[in-house]
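Novice: Got a structure here, written out as structure tokens. Questions coming.
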Amino acid sequence: MPAPDEAVLARRGEIVAAMRAIVPGEGVIEKPDELRPYESDALTAYRQPPMVVVLPETTEQVAAILRWCHANRVKVVPRGAGTSLSGGALPLADGVLLGMARFNRILEVDYTDRLAVVQPGVTNLAITRAVEDEGFYYAPDPSSQIACTIGGNVAENSGGVHCLKYGLTTNNVLGVEFVTIEGEVLRLGGRGLEPAGLDLLGLIVGSEGLLGVVTEVTVRILPRPETARALLIGFSEVEGAGRCVADVIAAGIIPAGMEMMDKPAVHAAEAFVQVGYPLDVEALLIVELDGPAAECSHLLEEVEAVARANGAVSVRISTDDDERVAFWAGRKAAFPAAGRLAPDYLCMDGTIPRRRLPDVLTRMRVLSEQYGLAVINVFHAGDGNLHPLILYDANKPGELEQAEAFGADILRLCVEVGGVLTGEHGVGVEKRDLMPVMFTETDLAHQQRIKCAFDPELLLNPGKMFPVLHRCAELGSVHVHRGALPFPDLPRF
Amino acid sequence: MADAIRPDSADALAAIVAEAARDGTRLRLRGGGSKDAVGAPSPDARIVNMRGFSGVVDYDPPELVLTVKAGTPLAEVQALVAEKGQVLAFDPFDHGAILGGAVGEATIGGIVAAGVAGPTRVSRGAARDHLLGFVGISGRGERFVAGAKVVKNVTGYDLPKLITGSWGRLAAITELTLKVLPAPRLRLTLGVAGLDPAAAISAMTRAMGSSAEVSAAAHLQDWNGTPLTAIRLDGFPSSVEARAAILTQLVDGIAPLADGEAARLWPAIATAAPLPTGLPLWRIIAPAAQMAKVITAIDGAWLLDWAGGLLWLASEDDPQAIRAAAMQAGGHAMLVRADASMRAVVPALHPQPKALAALEERVRRAFDPAGVFETGRF
């Protein structure tokens, strides 16, 4: 992270007082022991207590905080529930941590236009809870949905197991209210299907808290599918499972969810939750189909046939919803299950073209031997999003560094085969230094100039996403020819 | 307009843009020219013909990913994916018919640059939801890559969203990667005649909120002499049948249309074909619940798509009044078709509030500091 600015650290008392003037009472936290819960997000390998935590309750307070920090050149790190797996909410020693937890109200549900207007601190699952009695739900479902907030989902463009069919956060957000670092309150999008002008909404979603602070979100809600059923399919070789996934899609079927687990992941999950996973398989697929009952039963037959044709050694089809949920229980417990195999684990998040899966898994096994660290694999197979969990022990000297190096090699491998560094967790601190593996300096400069258009002083969440913090003046040079700017009639900023 | 230049490599195009930035030439990017008549005339701009960037780069159907050069005709792309049983699910259409030009000239780059999406947009998402990555030449004359060639990616800012619908004002797209999806095995359209706009919107809303999984829903003021509300179901035959039963419970008098009529209907809706061609044509996007008010406020011929969320309006009413009505409904209005004199004074894109316009301007300058792509068209 950027080295703390001593001059800002020296002004701590003044900064705390300014925050208290904006947010009275318990909304400002500054005692060292009370700052501790905020020192990391779900990427716990990185810890840094913030200078001060501010928990505003109104958009006006957010605007006043940002305006003050902008005028006083103080950095700001926004935070939702702190469930980021990429260090997106990692605090700065010389920065204000802007916690949005108090923005926890559902403002409106509109079943006519099928949308919900919510504050950013509302949890992902709470949106579904608020509309399920009317037969609706909010589709993106990151595994942390019980805790993660919709504001954090917007910042990270979160996915989930259902996003092949239903999209990521960005495909399910209609509008936001957001506050710029200058303290200006803007609305992007709204309740209609498309906003006017440039798609700045599409830019804000997934911008990892670097462009502004979202204070209200309008999401689409969908009618709950009539039924959902799942198949649990075992394969004696990973290649067969990979071909099965491709053939299901080639058959014109987009399942609601299609997950793969490798043998170590199956064993870990089964030991943890005992849901009856077959232990003699090299790869296990969970395929969920949703829709009208007639569609589900038809597609279950088709998927089963495809699975058999690709050498499936076991096929179970859920007969009721409890059984379907049990199929998922093991997959959803994969992370805590990994936590029982080793004191610590790193969760990676690359995406690859699915056809490269067998090759990538083989090379991952080689890397695993080289580093002497075990890896278990869960995989959003439908969209090619890998989640290798690298097992390590942070108490053994050097093992965290080894695990990180292993993780970096896996992500380089993902890019090498035509994939990307992150499918749904975000770049944050974790993958920041790997960005040049995927993007050239020119590519990155085109992204960073957007940062400059929103936040030229680089005060919002600096140190995330970009490997090198270029000053905006360096990036913004305009060709000057014969001493004259071209097009002198254009306004410039 | 000045003579067109037709580069055929990213390097050549980069050099053209860099030179234009130096010597103060403005560049208007052109694919097939199907949307030439959108926006203010820009006689001083030099045309860059993007058709030199043509052809398929990579297409692996089971990966659901297609990479093509931007100047490839839309019709070619659609035929290519259809051959593999897939579709561009955002339902893009050719503006040629709307604007009185030839049909079949539209390019995939132009579709993305204009964010064109048809009737199934209401259920499957817009062009922006299906653009995964692109290669572009920014106003700096630099080639850059954004997004990627896989269906799930959050690495860096989502520039594919930003470039979609930016109308050639940020960068020239030379190559793009789209998410493609399986084509439905069966399409069934059900229709009910004679509903007034409020009743039609209500029927479409009920259908969209049900488990019938509606693909598209539209209401025409005049189809064969009467109002028609049409709802389409796509999918596997057994599923479509079950969902059709749900719809018939939900909407009184709704019944399947003949295949031939349905096949004529949806392209007509996408291109607003039933509306008179001699009038200015507007595209108003607003929440469906508010759209009946817009219809009441404005004189003209119209049709509703996107379950009431999109109003195509052919009207000679005052542009200010039309935009005010759209805004009152929580939406905005784009002027799609008008004669050159009207287009010279009425902006095609709905003007933004001041603070937002300033931010947009800064974002445009980030890509195009010299204003190479600021032709005055928008």
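The values are calculated or read from the model by the stated rules, or taken from the named source; none is laboratory data. As the structure is a prediction and not an experimental result, all values here were calculated from the model. So basically every Cβ, Gly included, is an ideal-geometry build from the backbone, and we count neighbours across all protein chains shown.
Novice: Which number in (1) touching a His at 6+ places or on another chain (Cβ under 8 Å); (2) in a loop (DSSP other than H, G, I, E, B); (3) of a type in the set (A, V, I, L, M) marks the one condition that residue B:279 misses?
Specialist: (1)
Novice: Just one of B:273, B:288, B:245, B:301 is surrounded by fewer than 19 Cβ atoms within 10 Å (Cβ to Cβ) and either farther than 22 Å from residue B:98 by Cα or touching a Ser or Thr at 6+ places or on another chain (Cβ under 7 Å) (or both); which is it? So that I can check it myself, show each step before the final result.
Specialist: Working: B:273 fails: either farther than 22 Å from residue B:98 by Cα or touching a Ser or Thr at 6+ places or on another chain (Cβ under 7 Å) (or both); B:288 fails: surrounded by fewer than 19 Cβ atoms within 10 Å (Cβ to Cβ); B:301 fails: either farther than 22 Å from residue B:98 by Cα or touching a Ser or Thr at 6+ places or on another chain (Cβ under 7 Å) (or both).
Testing whether each residue is surrounded by fewer than 19 Cβ atoms within 10 Å (Cβ to Cβ) and either farther than 22 Å from residue B:98 by Cα or touching a Ser or Thr at 6+ places or on another chain (Cβ under 7 Å) (or both) leaves just B:245.
Novice: Of the residues that sit in the stretch B:304-328 and are of a type in the set (Gly, Ala, Ser) and under 22 Å from residue B:115 (Cα atoms), which one is surrounded by the most Cβ atoms within 10 Å (Cβ to Cβ)? Break it down into steps so the answer makes sense when it comes.
Specialist: Kept after step one, since they are of a type in the set (Gly, Ala, Ser), are these residues of the stretch B:304-328: B:307-309, B:314-315, B:321, B:324-326.
Checking the rest, the ones that are also under 22 Å from residue B:115 (Cα atoms) come to B:307-309, B:314, B:326.
Values: B:307: 28, B:308: 30, B:309: 27, B:314: 20, B:326: 28.
Among those that are of a type in the set (Gly, Ala, Ser) and under 22 Å from residue B:115 (Cα atoms), it is B:308.
Novice: Among the residues that make up the stretch A:325-343, is at least one of them crowded, with 18+ Cβ neighbours inside 10 Å, part of a strand (DSSP E or B) and out of contact with any Ser or Thr (no Cβ under 8 Å at 6 or more places or on another chain)?
Specialist: no
Novice: Something else now. Counting only residues that are at pLDDT below 95 and closer than 19 Å to residue A:82 by Cα, which one in the stretch A:158-214 is farthest from the other protein chains (Cβ to nearest Cβ)?
Specialist: A:160
Novice: I would also like to ask the following. Answer yes or no as to whether residue A:401 is more than 22 Å from residue A:266 (Cβ to Cβ) and either away from every other protein chain (no Cβ under 14 Å) or not in a loop (DSSP other than H, G, I, E, B) (or both). Lay out the reasoning, then the answer.
Specialist: On the way: more than 22 Å from residue A:266 (Cβ to Cβ): yes; either away from every other protein chain (no Cβ under 14 Å) or not in a loop (DSSP other than H, G, I, E, B) (or both): yes.
It is true that residue A:401 is more than 22 Å from residue A:266 (Cβ to Cβ) and either away from every other protein chain (no Cβ under 14 Å) or not in a loop (DSSP other than H, G, I, E, B) (or both).
Novice: Now, a different point. Out of the strands (runs of 3 or more DSSP E) lying entirely within the stretch B:130-206, which hold 1 or more residues that are touching a residue at least 12 places away in the same chain (Cβ under 8 Å), closer than 30 Å to residue A:421 by Cβ and among the charged types (D, E, K, R)?
Specialist: Details: elements: B:131-138, B:143-147, B:171-179, B:186-193.
Ranges flagged: B:143-147, B:171-179.
Novice: Which of (1) more than 27 Å from residue A:429 (Cβ to Cβ); (2) within 9 Å of another protein chain (Cβ to nearest Cβ) does residue B:153 not meet, given it meets every other one?
Specialist: The failed condition is (1).
Novice: Restricting attention to the stretch A:324-339, which residues are under 16 Å from residue A:257 (Cα atoms), in contact (Cβ under 8 Å) with a residue 12 or more places away in the chain and out of contact with any helix residue (DSSP H, G or I) (no Cβ under 6 Å at 6 or more places or on another chain)?
Specialist: Listed by number, the residues that qualify are A:324, A:326, A:327, A:328, A:331, A:332.
Novice: When the residues of the stretch A:176-185 are narrowed to those that are of a type in the set (A, V, I, L, M) and within 24 Å of the chain's Cα centre (by Cα), which ends up nearest to residue A:70 (Cα to Cα)? Steps first, please.
Specialist: Of the stretch A:176-185, the ones of a type in the set (A, V, I, L, M) are A:176, A:179, A:181, A:185.
Retained after the next criterion (residues that are within 24 Å of the chain's Cα centre (by Cα)): A:176, A:179, A:181.
On the way: A:176: 22, A:179: 12, A:181: 6 Å.
My answer is A:181.
Novice: Hey, another quick one. Take the residues in the stretch A:260-301 that are in contact with a helix residue (DSSP H, G or I) (Cβ under 8 Å, 6 or more places away or on another chain) and among the charged types (D, E, K, R), then tell me which one is surrounded by the fewest Cβ atoms within 10 Å (Cβ to Cβ).
Specialist: That would be A:282.
Novice: Restricting the first residue to the stretch A:429-446 and requiring it to be more than 11 Å from chain B (Cβ to nearest Cβ), which pairs with a second residue that is among the hydroxyl-bearing types (Ser, Thr, Tyr) meet a Cβ separation below 6 Å and a spacing of at least six or different chains?
Specialist: From the stretch A:429-446, the pairs are A:429/A:46; A:430/A:86.
Novice: Ok, one more. Being part of a helix (DSSP H, G or I) and either of a type in the set (Ser, Thr, Tyr) or within 14 Å of chain B (Cβ to nearest Cβ) (or both) is true for just one of A:289, A:367, A:357, A:386. Which residue is that? Walk me through how you get there before you give the answer.
Specialist: On the way: A:289 fails: part of a helix (DSSP H, G or I); A:367 fails: either of a type in the set (Ser, Thr, Tyr) or within 14 Å of chain B (Cβ to nearest Cβ) (or both); A:386 fails: part of a helix (DSSP H, G or I).
That would be A:357, the only listed residue that is part of a helix (DSSP H, G or I) and either of a type in the set (Ser, Thr, Tyr) or within 14 Å of chain B (Cβ to nearest Cβ) (or both).
Novice: Pick from the stretch B:207-241 the residues that are hydrophobic (A, V, I, L, M, F, W, C) and either assigned to a helix (DSSP H, G or I) or more than 22 Å from the chain's Cα centre (by Cα) (or both): which of them is farthest from residue B:186 (Cα to Cα)? Give the derivation first.
Specialist: The initial filter retains those residues of the stretch B:207-241 that are hydrophobic (A, V, I, L, M, F, W, C), namely B:207-208, B:212, B:214, B:216-218, B:220, B:223, B:228, B:230-231, B:233, B:236, B:240.
When the remaining residues are screened for being either assigned to a helix (DSSP H, G or I) or more than 22 Å from the chain's Cα centre (by Cα) (or both), the result is B:207-208, B:212, B:223, B:228, B:236, B:240.
Numbers: B:207: 19, B:208: 19, B:212: 15, B:223: 23, B:228: 22, B:236: 6, B:240: 7 Å.
Within the stretch B:207-241, the match that is farthest from residue B:186 (Cα to Cα) is B:223.
Novice: While we're looking at this one, here's another question. Taking into account only those residues within the stretch A:192-223 that are charged (D, E, K, R) and touching a residue at least 12 places away in the same chain (Cβ under 8 Å), which is nearest to residue A:97 (Cα to Cα)?
Specialist: Within the stretch A:192-223, the subset charged (D, E, K, R) is A:194, A:199, A:208, A:216, A:220.
The next check asks that each one be touching a residue at least 12 places away in the same chain (Cβ under 8 Å); those that pass are A:208, A:216, A:220.
Details: A:208: 14, A:216: 19, A:220: 29 Å.
My answer is A:208.
Novice: For residue B:44, all conditions in the list (1) part of a helix (DSSP H, G or I); (2) modelled with pLDDT under 95; (3) not small (Gly, Ala, Ser) hold save one; what is the number of the exception?
Specialist: The one condition residue B:44 does not meet is (1).
Novice: Let me ask something else about it. Select the strands (runs of 3 or more DSSP E) contained entirely in the stretch A:1-110, then report the ones holding at least 1 residues which are surrounded by fewer than 18 Cβ atoms within 10 Å (Cβ to Cβ).
Specialist: Working: elements: A:52-54, A:75-79, A:95-99, A:106-110.
Those strands (runs of 3 or more DSSP E) span A:106-110.
Novice: Those residues that are in contact (Cβ under 8 Å) with a residue 40 or more places away in the chain, within 14 Å of chain A (Cβ to nearest Cβ) and out of contact with any Gly (no Cβ under 7 Å at 6 or more places or on another chain), I need them from the stretch B:326-348; list them, please.
Specialist: Correct list: B:326, B:329, B:332, B:333, B:334, B:335, B:336, B:347.
Novice: If you scan the stretch A:114-137, which residues turn out to be surrounded by 19 or more Cβ atoms within 10 Å (Cβ to Cβ) and basic (Lys, Arg)?
Specialist: The one that is surrounded by 19 or more Cβ atoms within 10 Å (Cβ to Cβ) and basic (Lys, Arg): A:114.
Novice: Say we look at the stretch B:282-304 and pick out the residues that are touching a residue at least 24 places away in the same chain (Cβ under 8 Å) and part of a loop (DSSP other than H, G, I, E, B); which of these is farthest from the other protein chains (Cβ to nearest Cβ)?
Specialist: Of everything passing the filter in the stretch B:282-304, B:298 is farthest from the other protein chains (Cβ to nearest Cβ).
Conditions tested, residue by residue: (1) closer than 26 Å to residue B:215 by Cβ; (2) within 14 Å of chain A (Cβ to nearest Cβ); (3) acidic (Asp, Glu).
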residue	(1), (2), (3)
B:59	yes, yes, no
B:73	yes, no, no
B:83	yes, yes, yes
B:90	yes, yes, no
B:94	yes, no, yes
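Novice: Considering only the stretch B:199-211, state which residues are modelled with pLDDT of 95 or more and not charged (D, E, K, R). Spell out how you get there, then give the answer.
Specialist: Of the residues in the stretch B:199-211, the ones modelled with pLDDT of 95 or more are B:199-210.
Across the stretch B:199-211, the qualifying residues are B:199, B:200, B:201, B:202, B:203, B:204, B:205, B:207, B:208, B:209, B:210.
Novice: Which of (1) within 14 Å of another protein chain (Cβ to nearest Cβ); (2) in contact with a strand residue (DSSP E or B) (Cβ under 7 Å, 6 or more places away or on another chain); (3) assigned to a loop (DSSP other than H, G, I, E, B) does residue B:99 not meet, given it meets every other one?
Specialist: (1)
Novice: Test each condition in (1) within 7 Å of chain B (Cβ to nearest Cβ); (2) of a type in the set (A, V, I, L, M); (3) under 22 Å from residue A:422 (Cβ atoms) for residue A:453 and report the one that comes out false.
Specialist: (3)
Novice: Kindly evaluate residue B:163 against the criterion of being in contact with a His (Cβ under 8 Å, 6 or more places away or on another chain) and β-branched (Val, Ile, Thr).
Specialist: Values: in contact with a His (Cβ under 8 Å, 6 or more places away or on another chain): no; β-branched (Val, Ile, Thr): yes.
So residue B:163 does not fit the description; no.
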